[in-house]
1. Could you please give the count of residues in the stretch 1-34 that are at pLDDT 90 or above, buried (at least 18 other Cβ atoms within 10 Å of the Cβ) and either more than 20 Å from PHE67 (Cα to Cα) or not hydrophobic (A, V, I, L, M, F, W, C) (or both)?
2. So for the stretch 91-104 (the condition being assigned to a helix (DSSP H, G or I), within 17 Å of the chain's Cα centre (by Cα) and at pLDDT 85 or above), does at least one residue qualify?
3. State all residues of the stretch 133-159 that are surrounded by 15 or more Cβ atoms within 10 Å (Cβ to Cβ) and closer than 28 Å to ALA93 by Cα; if no residue qualifies, say none.
4. Of the residues in the stretch 42-77, how many are under 19 Å from ALA31 (Cα atoms) and touching a residue at least 40 places away in the same chain (Cβ under 8 Å)?
5. List the residue pairs whose Cβ atoms are under 7 Å apart, where the first residue sits in the stretch 151-166 and is more than 11 Å from VAL117 (Cβ to Cβ), the second is assigned to a helix (DSSP H, G or I) and among the β-branched types (Val, Ile, Thr), and the two are 6 or more positions apart or on different chains.
6. Tally up the residues in the stretch 43-85 that are under 30 Å from SER119 (Cα atoms) and not in a helix (DSSP H, G or I), please.
Amino acid sequence: MALPNVAVITTKTPRFSELVREHESMVYSLAHRFLHDHTAAEEIAQDVFLELYLHLSELQSAEHVVFWLRRVTVNRCIDEGRRRRRRPEVPLAEVVEPLAPTHAADLLLCQRLRRLVASLPEKARMMVLLRYQEDLDPRDIADLLNVPVNTVKSQLQRALIILRGKVENMEREE
């Protein structure tokens with residue numbers, strides 16, 4: 001995915017261009033999985049990379065860049081989620097998921113799982129995405145969200161309990 005507005009900046013700074021190419025899919029994917037909106041995810045990704053361009057000199061290592069990108073993306077997603085709650089535009093159920101290759105054999109199961117995760121509260125949803133989509137350890141999630149590790153663990157556990165309960169309810173209804 002090429003971010004159209006970032007292209008102008010990338011020609012000026014080769015290092016920045018490399019960072020965009022290397023991390024744009026992670027930033028976009030995290031935003032899209034959280035918001036379920038292609039356009040909003042692109043806008044957030046563009047904002048995040050513009051912010052990266054402005055703070056590039058402050059970042060010391062590749063790990064610091066990845067941490068910084070995830071943290072800024074998480075914060076922008078949560079802000080956008082709050083803004084949408086105050087002024088909703090389109091229900092999430094009506095947003096069409098972009099076609100992407102999936103490795104799961106059961107597409108119906110994947111769609112159900114996406115809907116279940118999307119029904120979680122914002123903070124829990126972000127923690128689940130960071131843990132299971134981005135494959136981050138609870139300690140890394142705690143650093144990103146600036147909360148204690150035990151808070152991350154307990155909120156992940158609660159989110160999984162909620163998801164299990166919803167799956168059980170769905171099975172009873174069928």
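The values are calculated or read from the model by the stated rules, or taken from the named source; none is laboratory data. Everything numeric here is computed off the predicted structure, so don't read it as measured data. All Cβ positions, even for glycine, are placed from backbone atoms using ideal geometry, and neighbour counts span all protein chains on display.
1. Final tally of qualifying residues: 6.
2. Checked the stretch 91-104: no residue is assigned to a helix (DSSP H, G or I), within 17 Å of the chain's Cα centre (by Cα) and at pLDDT 85 or above.
3. Once the filter is applied, which keeps residues that are surrounded by 15 or more Cβ atoms within 10 Å (Cβ to Cβ) and closer than 28 Å to ALA93 by Cα, the stretch 133-159 yields GLU134, LEU136, ILE141, LEU145, VAL152, GLN155, LEU156, ALA159.
4. 16
5. Note: pairs meeting the criteria are VAL152/ILE141; LEU156/VAL128.
6. Selection size over the stretch 43-85: 0.
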